[in-house]
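Here the structure is laid out as structure tokens; the discussion comes afterwards.
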Amino acid sequence: MDELTSVFVQESREQLAEMEAGLLRLEQDPHDADNINAIFRAAHTIKGASGVIECGFIESFTHKVENILDKLRNGEISVSGPLATLLLECCDHMGRLIDVLEAQQAQPPEDVSNQGEALQVRLTDFLSATEAPPAEEPGAMPIEHESPVEISGGGVVITDGWHISVRFGPNVLRGGMDPLSFLRYLASLGEILGMETIPDSMPEAEEMDPESCYLGFEIHFQTRASKADIERVFDFVQDECELRILPPNSKISEYLKHIEELPEDNMRLGEMLVRCGALTQAELDEALRQQAALTNNEDAGITEGDATEGHQAPQLGEILVEQKVVQKTLVDAAVGKQAQVTEKKAKESRMIRVQADKLDQLIDLVGELVIAGASTNLLANRSGQTELVEATSILSRLVEDIRDSALQLRMVQIGETFNRFHRVVRDVSKELEKNIELQISGGETELDKSVVEKIGDPLMHLVRNALDHGIEPAAVRMATGKPVQGHVALNAYHDSGSIVIEVSDDGGGLKKERILAKAIEKGLIQQGYNLSDQEIVNLIFEPGFSTMEKVSNLSGRGVGMDVVRRNIQSLRGTVDVTTQEGIGSTFTIRLPLTLAIIDGFLVSVEQASYVIPLDTVVECIELNDQPDNKHYLNLRGEVLPFLRLREIFGIEGEIPFRENVVVVQFAGQKAGIVVDQLMGEFQTVIKPLGNIFKHLRGIGGSTILGSGEVALILDVQALVQHCANQEENRKRNAGHATRLLESR
Amino acid sequence: MSNSQRISLQEDLTIYHVLDQKQRLLDTLAQADEVELDLSQVAEMDTAGLQLLILLKREAQKAGKKAVIIAHSQAVRSVIDFCNLAAYLGDPLVIPAQESN
């Protein structure tokens, strides 16, 4: 795919996302004109760009969509639920068309084009409902006849120069800046065809402060420089001056708008524009005559003099349109485009697009750097040369900084992912005929790009579940005295080295009896098992579990929650659920911030080294005279279950005289890991273990030590759970002789 | 009663001097019916200076008096030219022969 097309695909996706967000807002506030304009602009931009890359099918479809948006914008049709739904579907279809383009197919496949045609028919229905009936044939493209340009004379100002209007603020001179020097610099960018100095705002002689600047300039300017370049000339006085730039061949109405916006008298300003060559006298006369005529018509009582004043004739651009001198779309599009260009320019200067691969490569390199740095450190320490040690410690600090900033590059805010769910919630709640609001918080929480990409599906599942199973139908809610509108909330925050994402609803909560009954029916557990509440609730994550009697097309195929859990586990994360019957449930996803590099705590048993992620380490204590069979100790009055790495990994050898306990914490649970030696902090790059070791429990990956040895990274989460399970087992064994359900 | 006064500005017409110059110009204008301004010694003029000239012209016109710039230095002339104000100020600009081309 050539570069132009890929840029188009990328930007169109962004525009589509904007359009979709706008459409969703539209339902909330149907009268927000800015919003409608923004939607229109997005569609318009896509249409324009698709024309540029000569992608006919996108262009023609978007054209239809744009037409209806135009009607919407002009108030010819009003926003309604079905219309919004239709437009959203059109949005989706445009997305599909872009997919087609991205897949480098010349034409959309049949099913897609059929969909497109179906949508077009519906669009036409909407249009013909508003169209004046006799002129149009139903089903034809009524758009072609819309707002015909009857007079085009005077529509476009015949000039190929820019028009720059600048009013300097009073403090410019005092700030040590001379407007003339800016203008001289401007002259170096091109040719000043005409310039008028406007001293009108200078006050009376007594009040006039000669150190304040009162001047303004109207400049007719010919250049090949871009608008941004012109703006840059005035960068230094950006806050201090009013700058307006009209591009070459602007519409006459833009000049009118310009005239109206400026503080000076319209007539005088008009003259100025003529004198500096921006407008011809004929063009000006025509515009002012219309302006005056309009005002007189509307307000016959006022005098001619007043009529020329801007505030008396605020709708000047519109009258031009009504008289069909200028096509409204043209004017608006031009204005809109201009605003967009500036906006985009501003945005672009702050953002650069980088290929994700390049970023990954950088992270890889940084990873290698970290390893190499660790090795250098080790050698330096061994050599005992103070200077060398010092140098390497500075080096390793820098490496650490580089690592952090490199990882920062990959951090993205989760808000964008969250915002996608507005649409989901809207569609689903329409379908289920429930009234549900989505609340989003913590959208600015950042996490690794790769995690964000993979978290979308599990989140989608959880949200859909909350919508479908969680929130009760309105009638039920009313009966139980809850507000009719249900709430689903997405929240994200950082918590000790992980990111926590919560999906909560204020629905009926999980019903434990039903879960239990279902689990027994499915043979997941056997009758008579005595499970704790938490264990019962966790059954929903078991494969093949679904409690919904009616299988809806949203969720309830019974492949839901276990897939969610597996996906999240593959990101080294966990998912938990807390629920209260009748009040709601909260699913809590806990994920590591990044997948690539961690700060580790190096320990050893016999000859082998192990790394414990530092975020999880709470403290280290010495293990005093513990009998071998006990697996808990007294930590300041608290029972701390612990496990011996020696036992878990089956390491043989003499138990050393002194053992150490590393107290780790995960998701609120504490446990101890008994090791031989503590070796201190260590920054490490996670290298995934091969496929053969996929089912190995308790090990999260491997890393290479400075000495070249391999160290295994412990999966603290699994170990802590193992500890807790053992503890529960023992408790239960004391009471019933039941077998703990294999949690995995 | 047609008393005319001539002022010859020696310093630059820039922000550093405009405060004094404004007073001087307006005072002179108040006393005389016609002010002749000799700017031939002005080596530099900036926006502030330009404003001052515009002010003087305007005040003179308001009071029905005359303010005429009888000589321009090259710096003054180039600013007036650049800002396209020659017509507004209405003074004959004498272009020395050696500069005319």
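Observations on the structure shown:
- By definition, a body whose alpha carbon gyration tensor gives a ≥ b ≥ c is prolate when a/c is 1.5 or more and a/b is larger than b/c, and segment A:597-734 fits this prolate description.
- Cβ-defined net charge surrounding A:Asp111, 13 Å radius [Lys, Arg +1; Asp, Glu -1]: -2
- For segment B:4-94, the alpha carbon convex hull comes to 79 Å³ per residue, rounded to a whole number.
- Normalised by the number of residues in segment A:3-145, the average gap of Cα pairs under 8 Å and 6 or more apart makes the relative contact order 25 percent.
- Unsatisfied cross-links (Cα-Cα over 22 Å) in the set A:Lys434/A:Lys482; A:Lys518/A:Lys694; A:Lys482/A:Lys522; A:Lys64/A:Lys257; A:Lys47/A:Lys449; A:Lys518/A:Lys670: A:Lys518/A:Lys694; A:Lys482/A:Lys522; A:Lys64/A:Lys257; A:Lys47/A:Lys449; A:Lys518/A:Lys670
- Here r is the Cβ-Cβ distance between A:Asp111 and A:Glu431 and R0 is 22 Å; the resulting FRET efficiency, rounded to 0.05, is 0.50.
- Computed from the C-beta positions of B:Asp81 and A:Arg382 and an R0 of 60 Å, the FRET efficiency is 0.15 to the nearest 0.05.
- Environment charge at A:Ala356 (Cβ cut-off 13 Å; Lys +1, Arg +1, Asp -1, Glu -1): -1
- Charge dipole magnitude, Cβ of K and R +1, D and E -1 - segment A:3-145, Cα centre, debye nearest 20: 140
- The modelled label-to-label distance for the pair A:Asn691/A:Val121, using points 7 Å beyond Cα in the direction of Cβ, is 4.8 nm.
- Cα→Cβ-extended label distance, 7 Å offset, between A:Asn725 and A:Glu27, nm: 4.3
- Here segment A:356-412 yields Rg over Rh of 1.11, to two decimals, using C-alpha coordinates and the Kirkwood radius.
- Simple spin-label estimate for A:Ala475 and B:Lys62 in nanometres, 7 Å along Cα-Cβ: 8.1
- Counting, for every residue in A:201-209, the Cβ atoms of other protein chains within 10 Å of its Cβ and taking the mean gives 4.
- Put a plus charge on the Cβ of each Lys and Arg, a minus charge on the Cβ of each Asp and Glu, and nothing anywhere else: the dipole of segment A:414-592 about its Cα centre is then about 380 debye.
- Counting every other Cβ atom within 10 Å of each residue's Cβ, A:Ile219, A:Ile692 order from fewest to most as A:Ile692, A:Ile219.
- Segment A:27-128: C-alpha gyration tensor shape, a/c 1.5 cut-off, then a/b vs b/c: prolate
- For residues of B:43-56, the mean tally of beta carbons on other chains within 10 Å: 5
- In this structure, A:Arg13 and A:Cys620 have a Cβ-Cβ separation that, at R0 = 51 Å, corresponds to a calculated FRET efficiency of about 0.55.
- Each Lys or Arg adds one and each Asp or Glu takes one away; over the other residues whose Cβ falls under 12 Å from the Cβ of A:Asp715, this sums to +2.
Each reported figure results from applying straightforward, stated rules to the coordinates on display, with no laboratory input. All values derive from a computational prediction rather than experimental measurement. Methodologically, a virtual Cβ is constructed for each residue, glycine included, from the backbone with ideal geometry; neighbour enumeration extends over all protein chains shown.
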